Every structure is written in C-alpha cells, then in structure tokens.
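The values are calculated or read from the model by the stated rules, or taken from the named source; none is laboratory data. Please read these numbers as outputs of a predicted model, since none were measured by experiment. Cβ: placed from backbone, ideal geometry, glycine included. Neighbour counts: every protein chain shown.
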Amino acid sequence: MNIPNAARVYEFWYPLQHGTDIISQLRNFVLPLIRDLQNRKIIGWFAVHIHSPNQCTFIPKEGIPDLNANGFHFRFELLDSLPVTALTDVIPSGYYGPGQGLERDISGITDTPPPLVSVTSLCHGTIDDIWRVIGEATDWVLGLLEAYDSNTSIPPEHFPRLIHFIMNLLQPVYTVYDRQQLQTPLNGARLF
C-alpha cells in the first residue's frame with residue numbers, strides 16, 4: 001500500500017449494527033464495500049477503525065444521534081481526481097460525512113513531549129509513513145477475513161491467536177484477555 005495523498009482522503013463514519021457481532025459486520029459490510037471501491041478503481045489507500053464519532057476529526061457531528069456510540073470510521077483516498085460523489089454515490093445510506101483530510105497527530109502517537117513515535121525517524125520523515133502502515137494493517141485484517149470460507153463462522157478467539165504470531169516476532173510486552181481474565185501468555189510476552 002502506498003503513502004496516501006492526504007489532500008485526496010475523505011472520511012466517513014457509519015454506526016455499528018446492534019445485535020450483530022463485529023466480525024460479521026467486518027466480513028459482510030466493510031470487506032465487500034472496500035473491495036467494491038477497489039474494483040471500481042475509486043480508492044487507493046484506505047483505513048478503518050472502530051470508535052465513536054467524537055474521535056473523528058474532520059466529520060461534521062451535526063445530526064449524529066449519539067456522539068458516544070461506536071461505529072466504523074472509514075478513511076478513503078480518492079483516486080484519479082474523481083469527485084467525492086464517486087464515493088458518496090456508492091457508500092450505503094446511513095453514513096455521516098464526508099470529511100476531508102488526515103490527522104497530523106494520531107491519538108497521541110506523535111504528541112510531544114515525548115513522542116511515542118519519532119516522525120523524523122520514519123522513512124520519509126512525515127506522519128504519512130504511519131498512515132501507510134495503518135492502511136496496511138487494515139488490509140491485513142481484511143485479508144485474514146478473506147482467508148476463511150464465506151460459509152464458515154469465524155471464532156473470535158482466532159484473531160488474538162493469529163495476532164500473537166506477529167507480536168511474538170516483535171517481542172513486545174502484552175497481555176491476553178482470555179475467559180474474562182487477563183493472563184500472561186506462556187512465552188511471557190505482554191503488550192504494554
């Protein structure tokens with residue numbers, strides 16, 4: 001995935017469906033939407049997060065009934081000088097936005113002092129390097145969902161177990177939430 005052109009990024013917020021688990025919503029709503037936008041050559045870089053609209057920097061908050069409710073926060077890089085209607089005409093009704101732009105400080109990662117990530121140490125010395133990696137992480141999650149047969153349910157415990165193998169390589173300190181309790185994995189690693 002390339003570094004996004006921040007001037008061509010539009011964001012939308014879409015409320016979570018109550019009574020449906022997150023994995024099903026990612027699999028049946030988010031994944032098909034993003035793959036459709038890619039196939040139509042509307043978007044390049046993309047990222048998706050789950051949080052309240054209060055955490056959306058550029059999305060207007062007027063009309064959102066519950067500013068504390070969780071939803072999907074989509075960020076899409078619009079390709080080839082397409083108008084924003086290329087996105088708004090395709091995204092299912094019920095979204096809020098669009099807003100335009102990318103945050104230059106990401107949830108405290110680059111706040112000073114001291115920064116959690118030194119932007120100057122990144123390849124291009126800009127926050128856009130972090131956005132590229134965030135997009136790659138979103139694409140990895142979608143690829144993981146695509147690895148499962150569409151007629152098979154995905155046990156939620158598969159995700160922490162698969163992510164464990166990535167974290168194991170990096171050897172951070174992390175904890176595992178299992179059976180309603182925080183536990184330390186057998187290899188002793190704990191995240192934060």
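One table, with the values for the structure above:
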item	result
Restricting region 35-49 to residues that are out of contact with any Phe, Trp or Tyr (no Cβ under 6 Å at 6 or more places or on another chain) and of a type in the set (A, V, I, L, M), the residue that is surrounded by the fewest Cβ atoms within 10 Å (Cβ to Cβ)	42
Qualifying residue in region 172-189 (condition: within 30 Å of residue 37 (Cβ to Cβ), at pLDDT below 90 and not aliphatic (A, V, I, L, M))	no
Flag for residue 134 being in a helix (DSSP H, G or I) and within 15 Å of the chain's Cα centre (by Cα)	yes
Where residue 102 falls short, out of the listed (1) surrounded by fewer than 18 Cβ atoms within 10 Å (Cβ to Cβ); (2) at pLDDT below 90	(1)
Conditions (1) assigned by TED's automatic domain parsing to the domain that holds residue 145; (2) touching a Gly at 6+ places or on another chain (Cβ under 9 Å): number failed by residue 1	(1)
Residue, surrounded by the fewest Cβ atoms within 10 Å (Cβ to Cβ), within region 7-29, restricted to residues that are at pLDDT 90 or above and among the hydrophobic types (A, V, I, L, M, F, W, C)	7
Selection status of residue 58, in the same structural domain as residue 124 (by TED's automatic domain parsing) and buried (at least 18 other Cβ atoms within 10 Å of the Cβ)	no
